[in-house]
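Some notes on the structure that comes next.
The values are calculated or read from the model by the stated rules, or taken from the named source; none is laboratory data. Bear in mind the structure is a predicted one, so any value in this text is a computation, not a measurement. Glycine gets a Cβ as well: all are built from the backbone with ideal geometry, and neighbour counts include every protein chain shown. What goes into the accessible areas is simple: the full protein's heavy atoms, side chains included, and nothing from ligands, DNA or RNA. Shrake-Rupley method; radii C 1.70, N 1.55, O 1.52, S 1.80 Å.
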Amino acid sequence: MYARTGRPSIPPEKLLRAQLIQMLYSVRSERLLMEEIDYSVLFRWFVGMNLDEPVWDVTVFTKNRDRLLDGDVAREFLCQVVKQAQEENLTSDEHFTVDGTLIEAWASLKSFQRKEQKDKPPDDPGNPSVDFHGEQRSNETHESTSDPDALLARKGTGKEAKLSYNGNLLVENRNGLIVTTELFQANGTAERDAALVMLEQIPGGHRATVGADKAYDTAGFVAECRNLEVTPHVAQNIKRRGGSAIDARTTRHGGYEISQKKRKRIEESFGWLKTIALMRKVRHRGIHKVGWVFTFAAAAYNLVRMRKLLSPAVQSA
């Protein structure tokens with residue numbers, strides 16, 4: 001069977017299974033993934049390939065996988081995994097946590113050049129020399145020639161700035177499972193903007209709570225949460241100009257303290273995504289592709305977490 005492009009067509013379920021192997025076993029490239037599947041009987045069985053079936057060419061695999069981007073398959077896959085967790089009563093539908101992290105883009109600082117600058121022949125096409133010492137660079141005047149969607153951002157004061165995306169998670173507080181994801185450009189307000197988008201997706205008409213760190217302690221974010229009928233259990237930033245947007249009406253309740261303890265579990269999700277699923281520095285370009293991979297990695301994390309949560313019940317049965 002051949003696709004319209006003339007390349008061999010790979011069934012979508014096999015593509016997803018192979019992509020899942022890459023996430024779970026930290027396979028750093030598609031070429032190495034094809035080699036792993038070629039000699040591993042376990043991987044062949046999981047993907048659905050016979051022992052004598054030739055493995056796909058790496059170019060064929062990547063081209064076929066890119067076709068899945070148009071259907072937003074990763075988002076649907078995450079939704080189905082979350083639905084299964086809900087059926088097993090593993091998730092909470094009232095208490096959540098939001099947070100975001102910087103994901104380094106697949107672009108170097110050498111590619112971050114002035115927008116109006118005319119292209120000049122490089123002295124070395126493989127590794128051109130770029131002298132940017134003393135030059136004031138910002139996202140308003142510069143952009144990456146390799147990945148224009150990536151923006152220059154830093155994790156904190158004193159940290160080096162890197163071309164990055166902002167990956168955000170909405171996690172339920174019962175078992176720390178990821179409910180939904182959003183990937184935004186690292187524009188400074190992406191974490192709060194993405195949090196509101198994810199909170200709008202919470203199913204049901206009952207009131208919920210959301211825990212978050214001090215970066216979310218702003219009057220605008222707190223007000224928008226209350227408009228969404230979500231109680232903001234945000235860590236107080238007393239040093240902020242004007243004081244904290246959270247007062248004793250919220251902090252006096254026992255649920256606020258519980259949310260502050262539970263919200264730290266979201267760091268476990270980010271840690272797994274960055275170390276195991278290789279999300280510390282993505283190997284894709286463009287906000288659409290990076291967002292697809294980020295969402296798929298979140299679904300893979302939920303599968304690993306659910307296996308651990310359900311294993312005692314399986315053993316006792």
In debye, nearest 20: dipole of the chain around its Cα centre with unit charges on the Cβ of K, R (+) and D, E (-)?
700
Taking 0.36 nm per residue of separation between Lys264 and Lys281 and subtracting their Cα-Cα distance, the length gained on full extension comes to 3.9 nm
What does the C-alpha gyration tensor say about the overall shape of region 173-317? Classify as rounded when a/c is under 1.5, otherwise prolate if a/b is larger than b/c, or oblate.
oblate
Added length on full extension, which subtracts the Cα-Cα distance from 0.36 nm per residue, Glu116 to Ser40:
22.3 nm
Calculate one ³J(HN,Hα) per residue across region 169-183 by plugging θ = phi - 60° into the Karplus curve 6.51 cos²θ - 1.76 cosθ + 1.60, and present them in order as whole Hz with x for glycine and proline.
10, 10, 10, 7, 8, 6, 10, x, 7, 7, 8, 7, 9, 8, 10
Could you name the lysines whose alpha carbon sits less than 17 Å from that of Lys262, not counting residues in the same chain fewer than 8 places away?
Lys214
Accessible surface ranking that places the most exposed of Trp106, Trp292 first, with a 1.4 angstrom probe:
Trp106, Trp292
Between Asn187 and Glu87, what is 0.36 nm times their sequence separation minus the Cα-Cα distance? Round to one decimal in nm.
32.3 nm
Write down the accessible area per residue of the chain in Å², having rolled a 1.4 Å probe over the full set of protein chains.
55
Which of the lysines could be linked to Lys159 by a straight reach, that is with a Cα gap under 18 Å, when you skip same-chain ones fewer than 8 residues away?
Lys281
Along region 245-262, what does the Karplus equation 6.51 cos²θ - 1.76 cosθ + 1.60 (θ = phi - 60°) give for ³J(HN,Hα), rounded to whole Hz, x for Gly and Pro?
7, 9, 10, 5, 4, 9, 6, 6, 7, x, x, 5, 5, 5, 4, 5, 6, 5
Net charge contributed by nearby residues that have their C-beta within less than 10 Å of Leu90 (K/R +1, D/E -1)
-1
So, taking all protein chains as they sit and a 1.4 Å probe, how much accessible area belongs to Arg67, in Å² rounded to tens?
110
On the protein heavy atoms, probe 1.4 angstrom, tell me the percent of accessible surface of the chain carried by carbon and sulfur.
50
Here are a few candidate values for volume of the Cα convex hull per residue in Å³: (1) 254; (2) 186; (3) 123. Which one was actually calculated from the structure I just gave you?
(2)
In nm, the gap between the two label points placed 7 Å beyond Cα toward Cβ at Glu53 and Glu94 is 4.7
Taking a cut-off of 13 Å between Cα atoms, list the aspartates and glutamates near Lys155, but don't count ones fewer than 8 places away on the same chain.
Glu104, Glu191
For the ranges 193-199, 77-83, 171-177, what's the packing order if you count other beta-carbon atoms within 10 Å of each residue, average per peptide, and put the highest first?
171-177, 193-199, 77-83
For region 27-101 and region 142-166, compute the distance between their C-alpha centroids and round to whole Å.
28
Cross-link table Lys14/Lys162; Lys63/Lys162; Lys115/Lys162; Lys63/Lys110; Lys264/Lys289, entries beyond 25 Å C-alpha to C-alpha
Lys14/Lys162; Lys63/Lys162; Lys63/Lys110; Lys264/Lys289
At 1.4 Å probe size, what's the solvent-accessible area of Thr145? Round to the nearest 10 Å².
90
